[in-house]
1. Sorting check: for 191-199, 291-299, 94-102, which peptide has the highest mean count of neighbouring beta carbons within 10 Å, and how do the rest follow?
2. Take the Cα pairs of the range 124-178, get the Kirkwood Rh, then feed it into Stokes-Einstein at 25 °C and 0.890 mPa s and tell me D in µm²/s.
3. Before I look further, what does the range 304-345 give for accessible area per residue, probe 1.4 Å, in whole square angstrom?
4. Based on the mean of other beta carbon atoms within 10 Å per residue, what is the order of 323-332, 305-314, most packed first?
5. Using mean Cβ contacts within 10 Å as the protection proxy, how do 106-116, 372-382 order, highest first?
6. Rolling a 1.4 Å sphere over the protein heavy atoms, what is the accessible area per residue of the range 78-204, to the nearest Å²?
7. Round to the nearest 0.05 the FRET efficiency obtained for Ser221 and Arg200 when R0 = 22 Å and r is the Cβ-Cβ distance.
8. Convert each backbone phi in the range 331-348 into a coupling constant with the Karplus relation 6.51 cos²θ - 1.76 cosθ + 1.60 (shift: θ = phi - 60°), then list the ³J(HN,Hα) values in order as whole Hz, x for Gly and Pro.
Amino acid sequence: MAASEDTITDDGNHTVELTVLDNEESAANGGSAAASSEEITPLLTQIERPKINIFSVSRSRRKPRELVIKAPETEISPVSQFMLWAWSGSRYSGLLCMALSSVIYFVMEILSENFTAQSIPLFETAFVRCTVTLILSYIWLRRIGLPIFGATHPRKLLLLRSLVGYLSLLSFIYCIQRIPFSLAILLSFTTPIMASIVARIILYEKLKITELEVCLACSFSGMLFIFQQMLTTQGTEKTEEASNSSFRGSNHIYAALIGFFSSITGGISYCLIKAAAKATDQPVVTVLSFAILASPAAGICTFAFEEFVLPSFNSLSLMLALGILSFLAEVFLAHGLQLEKINKAANVMFMEAALSQLWGIGTSSIAPSLGRLVGCILILISVSFTMFFGPEKENE
């Protein structure tokens, strides 16, 4: 190993000195340097700072003195709370949904009686309502993220429910155009009785004798008391106008049989609604399936059997409002049938007739009579008994 050293003299000349070392000496010097470095290194080593991450940061458990401002909770109105409770909040939900459906149908009756400014054919009215129901059902299912046609296995039930339901609607429209209005309504209220009987056959629902005789028989007896005077006198002028003056001789027998057939198919439709709603776990699917068939079918019947009437702005607004209410009533009806036994749920439907009569008596549009009052009292007692003592401890 060689080392060089330069020195500068006074005259500016450089002098270079060379020193030659042996290998052994150089190795000894290298070993001593390494040894000295090993001794010095620990003295120069600095303590490493601990690494800090989000998991090792210690936070004080003391609460800050500043006031914590919490986000205000969303306030739910009492009406919304009641609707949520009625929909699925108690064992009374099934009967409450049926009651809400009857109340909505009652409101629809009041609106159609007091705000109708133009005579619209029945098939045209049914077409508008079914179309509005179709649109709202589609939007409902899209918003909650469910498939439009539901699962595969209940589609046969949905199709059968749509066919039977529209057949019942078609028969009722034919009936109401050819017999007195009071008789047509009385026949339509035999539907709950038919539904209870059919449910025992199709759905194997156990029906107690007291439920059939005391509740349904009491409600239907109230209907007979209400319409007794109308049936004997063939109704008032308003009833005669509603029947379109088509009550002719022995033709009413054939029309009445059609109306009774409508009640039977309506009872079967209720059973199919219950079965399909339980299979799909979504009552709106049953409403949509009916509207898909009924809307185009009612449109075809409008142009095939009746003369199309262009509605005015007020009439169209009323028809759209009734369509929205009809959608809500059908949804509550399907959910009520889904949760409760049909024989109990169907009895609540008689409440619509009692409310209609009491409203007419209160507004002086219907002459009060003993028969009407007795009929309303019988219906309200029967419905109250079903509401308070009818629900099962656990809904199916």
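1. Peptide ranking by packing, descending: 94-102, 191-199, 291-299.
2. Numbers: Rh = 13.1 Å.
Rounded to a whole number, D works out at 187 µm²/s.
3. Details: 1760 Å² over 42 residues.
Each residue of the range 304-345 exposes 42 Å² on average to a 1.4 Å probe.
4. On the way: 323-332: 21.0, 305-314: 12.1.
The packing order, highest mean first, is 323-332, 305-314.
5. Details: 106-116: 15.3, 372-382: 19.9.
With the highest mean Cβ count within 10 Å placed first, the list reads 372-382, 106-116.
6. Values: 6550 Å² over 127 residues.
Per residue, the range 78-204 has an accessible area of 52 Å².
7. Working: r = 21 Å, r/R0 = 0.95.
After rounding, the FRET efficiency stands at 0.55.
8. For the range 331-348, the Karplus-derived couplings read 5, 5, 5, 5, 5, x, 5, 5, 8, 10, 5, 5, 5, 7, 5, 5, 5, 5 Hz, x marking Gly and Pro.
The values are calculated or read from the model by the stated rules, or taken from the named source; none is laboratory data. Please read all numbers here as calculations on a predicted model, not as lab measurements. Methodologically, a virtual Cβ is constructed for each residue, glycine included, from the backbone with ideal geometry; neighbour enumeration extends over all protein chains shown. All accessible areas refer to the heavy atoms of the entire protein, side chains included, with ligands and DNA or RNA removed. Shrake-Rupley method; radii C 1.70, N 1.55, O 1.52, S 1.80 Å.
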